[in-house]
1. Charges on Cβ only, +1 for Lys and Arg, -1 for Asp and Glu, centred on the Cα centroid of the chain; of ASN55, THR34, ALA20, which one is farthest towards the dipole's positive end?
2. Give me the percent of the accessible area of the chain that comes from carbon and sulfur atoms, probe 1.4 Å, all protein chains in place.
3. Of ALA11, ALA27, ALA51, which is the most mobile in a GNM of the chain whose springs link Cα atoms less than 10 angstrom apart?
4. Please list 3J(HN,Hα) in residue order for region 59-73, calculated via the Karplus relation 6.51 cos²θ - 1.76 cosθ + 1.60 where θ = phi - 60°; whole Hz, with x for glycine and proline.
5. Once both labels are modelled 7 Å past Cα along the beta-carbon direction, what's the MET1-ILE28 spacing in nm?
6. Using the heavy atoms of the protein chains alone and a 1.4 angstrom probe, what is the accessible area of the chain per residue in square angstrom?
7. Read phi for every residue in region 15-31 and hand back ³J(HN,Hα) as whole Hz from Karplus 6.51 cos²θ - 1.76 cosθ + 1.60, θ = phi - 60°, with x for Gly and Pro.
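The values are calculated or read from the model by the stated rules, or taken from the named source; none is laboratory data. On a predicted model such as this, the values are computed, not experimentally measured, just so you know. Counting neighbours? That spans all protein chains shown, and the Cβs are built from the backbone with ideal geometry, glycine included. Heads up: the accessible areas ignore ligands, DNA and RNA and are worked out on the full protein's heavy atoms, side chains in. Shrake-Rupley method; radii C 1.70, N 1.55, O 1.52, S 1.80 Å.
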Amino acid sequence: MHVAAVVSMVALWQVARLPALYLVGVAIVAILLTYEQSLVRDDDLSQVKKAFDLNGYVGIVYFVATALSLYLR
């Protein structure tokens with residue numbers, strides 16, 4: 001689902017013709033999601049809270065990147 005989310009964000013960039021700043025935000029989101037995915041394993045759920053908290057930052061980064069891109073467009 002994280003891959004689908006990032007692909008959808010890139011598709012939005014193409015359709016909405018947003019500036020490159022948006023893609024920088026999407027790249028940061030992709031990095032955060034990759035790190036989040038690496039925290040939790042089937043045999044070790046001790047990092048679930050950290051991954052969940054990190055997901056909050058994903059939303060903030062995406063919001064800021066989108067808002068700035070729309071403002072600067």
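1. Selected residue: ALA20.
2. Percent of accessible area from carbon and sulfur atoms in the chain: 69.
3. Highest fluctuation of the listed residues: ALA11.
4. The phi angles translate into x, 5, 4, 5, 4, 4, 4, 5, 4, 5, 5, 5, 5, 7, 5 Hz.
5. For MET1 paired with ILE28, the spin-label model returns 2.4 nm.
6. 72 Å²
7. Computed from phi, the couplings for region 15-31 are 5, 8, 6, 7, x, 4, 4, 4, 5, 4, x, 5, 5, 5, 4, 4, 5 Hz.
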